[in-house]
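See below for the structure under consideration.
The values are calculated or read from the model by the stated rules, or taken from the named source; none is laboratory data. All values derive from a computational prediction rather than experimental measurement. We place every Cβ from the backbone using ideal geometry, glycine too, and count neighbours over all the protein chains shown. Heads up: the accessible areas ignore ligands, DNA and RNA and are worked out on the full protein's heavy atoms, side chains in. Shrake-Rupley method; radii C 1.70, N 1.55, O 1.52, S 1.80 Å.
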Amino acid sequence: MATRILRSCISLILGAIFSVTAVHNPAKILKADPPLPETVQGETFSLTGDYVIVSAGNRADCTYNAAVILQNYLRQITGLELPIVPDTQTNAKEIVVGPTARQDGVDYGKLGDDGICIRTAPERILITGGAVRGTMYAVYTFLEDCFNCRWYTEKLTVIPTTDDPQIPVYEKTFVPTFEFRETDWISPNRSANKEYSCANRLNGGPYRTLSAQEGGTVDYIGSFAHTLTTQFCAADTYFEAHPEWFAMDKDGKRIPDQLCLSNPETLATVTREVLDAIRENPTKKIVSLTQNDNQKYCRCAQCAATDTQEGSPSGTLLRFVNAVAEAVEDAGFTNVEIDTFAYQYTRKPPKITVPRQNVIVRLCSIECCFAHPLNDPLCTQNVKFSEDIVRWSEICERLYVWDYTTNYSNYLGPFPNFGVMQENMRFFAEHHVVGVYEEGNYTARESDAEFAELRAYLLSKLMWDPDMDYEREMNGFLRAYYGENSWQYVRAYIDKTTQATGRFGLKMGIYAAMTDKSVLLLTGADRRYMDLLWSKAKENAETDAQLEHIRRSELSWRYWKACNKYGEFSALRPQKRIEANKALYADFVELGIKRICEGSGGLLSDSPDFREIPRGWTKK
């Protein structure tokens, strides 16, 4: 208790100091101007037109496509036309792309599907990698390292040009911690831009479709969530004839919302349907057996007894899933894995049962606080999650995480989690997590009013390498997206909101109201400073695109002020507040905002009541 009080007092004092400094001397905060991402430093050599690109791949595979990607980008960057030649040819200077007949000394077995290896020397550059996507990822890494190329959004890439290309002499071997890397944020969403996914090493199948040439994806058969009673043993198909296969509620009534996992006929039905699905989808390797999205798990005597014995309903679920997984293995599908949840009522690990080696457990952080790191020992909301991940990592060989990165009740408002994103990803890696899905605003294409693109980019980078240079990558994105003369103001806003969230131990969840002080706790001076930052950012924009990006991100600040009735939205000036609300709504319409929050009731109204706060501007 004393530690928490001391931390709160220190936070209050520092907050007051920061507020005064920010208002009276903003230049003091904005003076830092971090550089764009730098290439590897040291000895270099010239890339000249007498190099060739060597590939042993055929034109239909990802390895050969990696050579084509390198050829195309080197043409854009340097103007050089480097031919692609077979590995049977002898060359004086060459860039070897992928495994070839050359004796390169690479242990490909250790690179897995996605690992990379780069070695550069004046006569021979080697760019290669793991059997599935590794060589393609190595090419994009080479372009980042040596030329500062970046794929920031679906529409914004940075591809520098030079007439004197210098290649640093360096070696890099890297195998990603996470075998499954997925997010539903805007640029990678729904395969909108395949190259974005490839360049930023996203390989999850639920939100993109990539061909074999593009490396393919780690994909699920059918849905990847809430499949029990929907995809397998569907209530619409079986409940009327077999209610005993489904959950019993507290009143002893059978309901179609979950399955009865103790009924052997339920198990037989799900097992048969899973085996059929695997046979029908021979190229996909994961089947999801996951509880429906509600709390109505079975309370029949047998399920309840197992829950008690295991200390959690996760034991009952895991026994069921293990049985299906064993049948899948016995049927000869040794390369298929069965996936299940540790979610809400199943989040606590069981006391007895452990997952089979072909079972993936996805641990979900939905109840957590995202103002503080998930491993913060002073955040009571996160301590229990920390305990659960430790225990799951002890008993589960294949642990995935389903994490959350937005406010589902207020898509348009601030969700200041930039201070915890890297810490959380490192926490996952430290506890042997091997797959990560970062759920965000999956409807961002109709509700993009904060930092959707920035989150998509940073999360993609973190899932590839939790130890990447977070500050440098953030600043590089901001500079490219908001402009050379405006990005510092946006960065100062991000820093201030990061500092102002979760103060005094307040917990920020994914459904927090904008009036909740856990989201932002700001003084009047702080708010005036924020207004100044956005004003300066807009004033210094150099292009229409930069100005639109700034205005779009500023919407979240204005939304928060309007929900709290601050500034121009003050309740003390009712008419002015209505006019400010109308102006905010007009900007929503202009910038394509069609949604306020998650769900069918979250769409923006065509005729809102401007006496209400914006959270109430939804269709009734």
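Is there any pair linking a residue in the range 600-611 that is of a type outside the set (D, E) to one that is part of a loop (DSSP other than H, G, I, E, B) and surrounded by fewer than 17 Cβ atoms within 10 Å (Cβ to Cβ), with Cβ under 6 Å and at least six apart or on different chains, and which?
The qualifying pairs are L603/K619; L604/K594; S605/K619.
T63: within 34 Å of the chain's Cα centre (by Cα), of a type in the set (S, T, N, Q) and open to solvent by 10 Å² or more (accessible area, probe 1.4 Å), yes or no? Explain how you work it out, then say what you get.
Values: within 34 Å of the chain's Cα centre (by Cα): yes; of a type in the set (S, T, N, Q): yes; open to solvent by 10 Å² or more (accessible area, probe 1.4 Å): yes.
Against the criterion (within 34 Å of the chain's Cα centre (by Cα), of a type in the set (S, T, N, Q) and open to solvent by 10 Å² or more (accessible area, probe 1.4 Å)), T63 qualifies.
Just one of M508, M514, M463, M530 is free of Cβ contacts under 8 Å to residues at least 40 places away in the same chain and open to solvent by less than 30 Å² (accessible area, probe 1.4 Å); which is it? Even if it seems obvious, please write down each step before you answer.
Working: M508 fails: free of Cβ contacts under 8 Å to residues at least 40 places away in the same chain; M514 fails: free of Cβ contacts under 8 Å to residues at least 40 places away in the same chain; M463 fails: free of Cβ contacts under 8 Å to residues at least 40 places away in the same chain.
Just a single option satisfies the conditions, and that option is M530.
Got a number for residues in the range 373-395 being open to solvent by less than 20 Å² (accessible area, probe 1.4 Å) and not in a helix (DSSP H, G or I)?
Number satisfying all stated conditions: 2.
Search the range 124-142 for residues that are part of a strand (DSSP E or B) and pair each with any residue that is of a type in the set (D, E) and surrounded by fewer than 23 Cβ atoms within 10 Å (Cβ to Cβ) when their beta-carbon atoms are under 6 Å apart and the residues are at least 6 apart or on different chains.
R124/E94; L126/D104
Can you run down the residue pairs with Cβ atoms below 6 Å, 6 or more apart or on separate chains, where the first is in the range 86-105 and touching a residue at least 60 places away in the same chain (Cβ under 8 Å) and the partner is open to solvent by 20 Å² or more (accessible area, probe 1.4 Å)?
none
For residues that are without any contact (Cβ under 8 Å) to a residue 40 or more places away in the chain and touching a strand residue (DSSP E or B) at 6+ places or on another chain (Cβ under 9 Å), scanning just the range 267-300, find the one that is most open to solvent (accessible area, probe 1.4 Å).
Taking the candidates together, the pick is N294.
Output the number of the condition that A541 fails; it satisfies all remaining conditions of (1) part of a helix (DSSP H, G or I); (2) of a type in the set (A, V, I, L, M); (3) free of Cβ contacts under 8 Å to residues at least 60 places away in the same chain.
Only one criterion in (1) part of a helix (DSSP H, G or I); (2) of a type in the set (A, V, I, L, M); (3) free of Cβ contacts under 8 Å to residues at least 60 places away in the same chain is unmet by A541, namely (1).
Can you pull out every residue in the range 89-123 that is farther than 19 Å from G42 by Cβ, under 36 Å from the mean Cα position of the chain (by Cα) and in a loop (DSSP other than H, G, I, E, B)?
Residues satisfying the conditions are G98, P99, T100, D104, G105, V106, D107, G112, D113, D114, G115.
Does at least one position in the range 179-194 carry a residue that is surrounded by fewer than 20 Cβ atoms within 10 Å (Cβ to Cβ), touching a strand residue (DSSP E or B) at 6+ places or on another chain (Cβ under 6 Å) and under 24 Å from G134 (Cβ atoms)?
yes
Can you name every residue in the range 426-445 that is in contact with a strand residue (DSSP E or B) (Cβ under 7 Å, 6 or more places away or on another chain) and more than 24 Å from E598 (Cα to Cα)? Outline the logic, then answer.
Residues of the range 426-445 in contact with a strand residue (DSSP E or B) (Cβ under 7 Å, 6 or more places away or on another chain): 428, 432-440, 443.
Once the filter is applied, which keeps residues that are in contact with a strand residue (DSSP E or B) (Cβ under 7 Å, 6 or more places away or on another chain) and more than 24 Å from E598 (Cα to Cα), the range 426-445 yields F428, H432, V433, V434, G435.
If you check D145 against the conditions, is it surrounded by fewer than 16 Cβ atoms within 10 Å (Cβ to Cβ), of a type in the set (D, E, K, R), over 21 Å from the mean Cα position of the chain (by Cα) and at pLDDT 95 or above?
Details: surrounded by fewer than 16 Cβ atoms within 10 Å (Cβ to Cβ): no; of a type in the set (D, E, K, R): yes; over 21 Å from the mean Cα position of the chain (by Cα): yes; at pLDDT 95 or above: yes.
Answer is no for this residue.
Would you check if L459 is part of a loop (DSSP other than H, G, I, E, B), touching a strand residue (DSSP E or B) at 6+ places or on another chain (Cβ under 9 Å) and either under 29 Å from Y220 (Cα atoms) or not hydroxyl-bearing (S, T, Y) (or both)?
Values: part of a loop (DSSP other than H, G, I, E, B): no; touching a strand residue (DSSP E or B) at 6+ places or on another chain (Cβ under 9 Å): yes; either under 29 Å from Y220 (Cα atoms) or not hydroxyl-bearing (S, T, Y) (or both): yes.
Taking the combined requirement at face value, the residue does not satisfy it.
With (1) at pLDDT below 95; (2) within 19 Å of Q291 (Cβ to Cβ) as the list, and S365 as the residue in question, which single condition is left unmet?
(1)
Among the residues of the range 235-254, are any touching a residue at least 60 places away in the same chain (Cβ under 8 Å) and open to solvent by less than 40 Å² (accessible area, probe 1.4 Å)? Please lay out each step first, then the result.
Applying the first criterion (touching a residue at least 60 places away in the same chain (Cβ under 8 Å)) to the range 235-254 yields none.
No, the range 235-254 contains no residue that is touching a residue at least 60 places away in the same chain (Cβ under 8 Å) and open to solvent by less than 40 Å² (accessible area, probe 1.4 Å).
Collect the residues in the range 122-142 that are open to solvent by 40 Å² or more (accessible area, probe 1.4 Å) and more than 13 Å from R201 (Cα to Cα), keeping them in residue-number order. Step through it out loud before you land on a result.
Start the filter on the range 122-142 by keeping residues that are open to solvent by 40 Å² or more (accessible area, probe 1.4 Å), which leaves 122-124, 131-132.
The answer is P122, E123, R124, A131.
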